[in-house]
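Below you'll find the structure, written out as C-alpha cells, and then a few comments.
The values are calculated or read from the model by the stated rules, or taken from the named source; none is laboratory data. A quick note: this is a predicted structure, and the numbers were derived from the prediction, not measured. Note that each Cβ is placed from the backbone with ideal geometry, even for glycine, and that neighbours are counted across all protein chains shown. Ligands, DNA and RNA are excluded from the accessible area calculation, which covers all protein heavy atoms including side chains. Shrake-Rupley method; radii C 1.70, N 1.55, O 1.52, S 1.80 Å.
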Amino acid sequence: MRYAIYFAPPADDRLSQTAARWLGRDAFTGETSEFPALADLDADTRHALTADPRRYGFHGTLKAPFALADGRSEAELVAAFEAFAADLEPFEIPELTLHQLGPFFALVSATHCEPLQNLAAQAVQYFEPFRAPLSATDMARRNPEKLPERQREYLKKWGYPYVFEEFQFHLTLTGPVPTETAKTMRAVLESTFADHIGDPLDVTSVALFVEPHRGAPFLVHSLLPLGGATQRKIA
C-alpha cells in the first residue's frame with residue numbers, strides 16, 4: 001500500500017467533475033465512465049492516452065506516492081494529515097493555463113505562485129518521517145542517471161526529484177501524447193476545460209490518496225479543508 005499527499009478540489013467542484021469525465025474515472029468514488037469520441041479524437045485513442053492519469057486520479061502532486069516507514073501506521077499518518085491541513089490557509093492560483101510538459105498535457109499555474117510553491121515544500125518536509133526509503137526498483141524507475149545532479153540528489157534524499165525549486169505544479173490530463181496527435185489533443189482539451197482555462201483556482205483543500213496495492217487505481221482516502229474548517233470530507 002502507498003499513500004500520497006495531493007491537491008485536489010472537492011468532489012462536487014466543477015473542475016473535479018469535468019476532470020473525472022475527461023479521465024473516465026472519479027478518484028473519490030472509484031466509478032468509471034464511458035469514453036465518447038471528442039472532435040477528431042476517437043474513443044480508443046482517448047482511453048489509451050489518459051491511462052496514466054486515470055489510475056492516479058485527478059490531482060496535483062504535493063508529496064509523491066510513498067510506502068509507510070517501518071514503525072509508522074496509517075492512523076498516525078491520518079492524524080498528521082489532519083494537523084497539516086488545519087495549520088494552512090486557503091489561497092488562490094491567479095490563473096490556470098493548459099501547458100504541454102514534454103509529451104504530457106496538464107493544467108498549470110500561468111504565473112509563479114509563491115503560496116503554491118510553499119505548500120508543496122511544506123508537504124515534502126512534513127510527511128518525510130512517514131516515507132519508507134525507495135526500493136532499488138523504484139529508484140531505477142526514475143532513471144536517475146538521466147536526471148540533472150540536483151534532481152538526482154533530491155530523489156535520493158526525498159524520494160522524488162521534482163521538489164523545492166525543481167517543483168512545477170501540474171494537474172495531469174494525459175499520458176505521453178505522440179507528436180502527430182498533440183495538435184488534436186490540445187484542441188480537445190482547450191474545449192473540454194474551456195470553463196477553467198484562464199480562470200483562477202481556489203486552493204481550499206488537500207487530499208490524502210491511497211493506492212491499495214501496487215498498480216491499483218489510487219483513491220481519495222480523505223479530503224480536508226485548509227485552515228481547520230469543521231466539515232471533514234471522507235471519500
Next on the checklist: For segment 22-44, which positions are modelled with pLDDT under 95 and in a helix (DSSP H, G or I)?
Outcome noted: Ala43, Asp44
Checklist entry - Considering only residues of segment 164-221 that are in contact with a strand residue (DSSP E or B) (Cβ under 9 Å, 6 or more places away or on another chain), of a type in the set (Ser, Thr, Tyr) and more than 18 Å from Ala37 (Cβ to Cβ), which is surrounded by the most Cβ atoms within 10 Å (Cβ to Cβ)? => result Thr172
Checklist outcome for this item: All conditions in (1) open to solvent by 30 Å² or more (accessible area, probe 1.4 Å); (2) under 19 Å from Ile197 (Cβ atoms); (3) assigned to a loop (DSSP other than H, G, I, E, B) are true of Glu92 except (3)
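Tally up the residues in segment 36-80 that are hydroxyl-bearing (Ser, Thr, Tyr) and over 17 Å from the mean Cα position of the chain (by Cα), please. Quick ask: steps written out before the conclusion?
Keep residues of segment 36-80 that are hydroxyl-bearing (Ser, Thr, Tyr), which gives 45, 50, 56, 61, 73.
In the following step, the residues that additionally are over 17 Å from the mean Cα position of the chain (by Cα) were identified as 45, 73.
Total satisfying the criteria: 2.
Could you run through segment 45-77 and say how many residues are more than 17 Å from Ala132 (Cα to Cα), outside any helix (DSSP H, G or I) and touching a strand residue (DSSP E or B) at 6+ places or on another chain (Cβ under 8 Å)? Working first, answer last.
Going residue by residue through segment 45-77, those that are more than 17 Å from Ala132 (Cα to Cα) are 45-61.
Still in the list and also outside any helix (DSSP H, G or I): 50, 57-61.
Filter once more, so that each one left must be touching a strand residue (DSSP E or B) at 6+ places or on another chain (Cβ under 8 Å): 57-61.
Result for segment 45-77: 5.
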Item to check | Meets criteria (open to solvent by less than 50 Å² (accessible area, probe 1.4 Å), in contact (Cβ under 8 Å) with a residue 60 or more places away in the chain, aromatic (Phe, Trp, Tyr) and assigned to a helix (DSSP H, G or I)) for Phe105 | outcome: no
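From the list Ala140, Ala136, Ala132, Ala120, pick out the single residue that is in contact with a strand residue (DSSP E or B) (Cβ under 9 Å, 6 or more places away or on another chain) and either closer than 22 Å to Leu98 by Cβ or free of Cβ contacts under 8 Å to residues at least 12 places away in the same chain (or both). It would help to see each step written out before you state the result.
Values: Ala140 fails: in contact with a strand residue (DSSP E or B) (Cβ under 9 Å, 6 or more places away or on another chain); Ala136 fails: in contact with a strand residue (DSSP E or B) (Cβ under 9 Å, 6 or more places away or on another chain); Ala132 fails: either closer than 22 Å to Leu98 by Cβ or free of Cβ contacts under 8 Å to residues at least 12 places away in the same chain (or both).
None of the other options fit; the residue is Ala120.
Evaluate the following for Ala80: is it in contact with a Pro (Cβ under 9 Å, 6 or more places away or on another chain) and in a helix (DSSP H, G or I)? Break it down stepwise before answering.
Working: in contact with a Pro (Cβ under 9 Å, 6 or more places away or on another chain): yes; in a helix (DSSP H, G or I): yes.
When the stated conditions are applied, Ala80 passes them.
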Checklist entry - Considering Phe104, Phe91, Phe81, which residue is on the phi < 0 side of the Ramachandran plot and in contact with a helix residue (DSSP H, G or I) (Cβ under 7 Å, 6 or more places away or on another chain)? => result Phe91
Checklist outcome for this item: When every residue in segment 117-150 that is part of a loop (DSSP other than H, G, I, E, B) and closer than 25 Å to Asp87 by Cα is compared, the one most open to solvent (accessible area, probe 1.4 Å) is Ala132
Checklist entry - Of the residues Leu219, Leu155, Leu147, Leu173, which single one is touching a helix residue (DSSP H, G or I) at 6+ places or on another chain (Cβ under 9 Å) and closer than 28 Å to Ala11 by Cα? => result Leu173
Checklist outcome for this item: The correct count of residues that are among the polar types (S, T, N, Q) and in contact with a Cys (Cβ under 9 Å, 6 or more places away or on another chain) in segment 55-99 is 0
Checklist entry - Limited to segment 111-129, what total is found for residues that are under 12 Å from Ala64 (Cα atoms) and either in contact with a Leu (Cβ under 8 Å, 6 or more places away or on another chain) or of a type in the set (Ser, Thr, Tyr) (or both)? => result 4
Next on the checklist: Quick check on segment 8-19. Is at least one of its residues among the β-branched types (Val, Ile, Thr) and outside any helix (DSSP H, G or I)?
Outcome noted: no
Checklist entry - Could you give every pair whose Cβ atoms fall below 6 Å, whose first residue belongs to segment 41-57 and is under 21 Å from Ala8 (Cβ atoms), and whose second residue is among the aromatic types (Phe, Trp, Tyr), counting only separations of at least 6 or pairs across chains? => result Tyr56/Phe218; Gly57/Phe218
Checklist entry - Any residue at all in segment 87-94 that is over 13 Å from the mean Cα position of the chain (by Cα) and farther than 25 Å from Leu116 by Cα? => result no
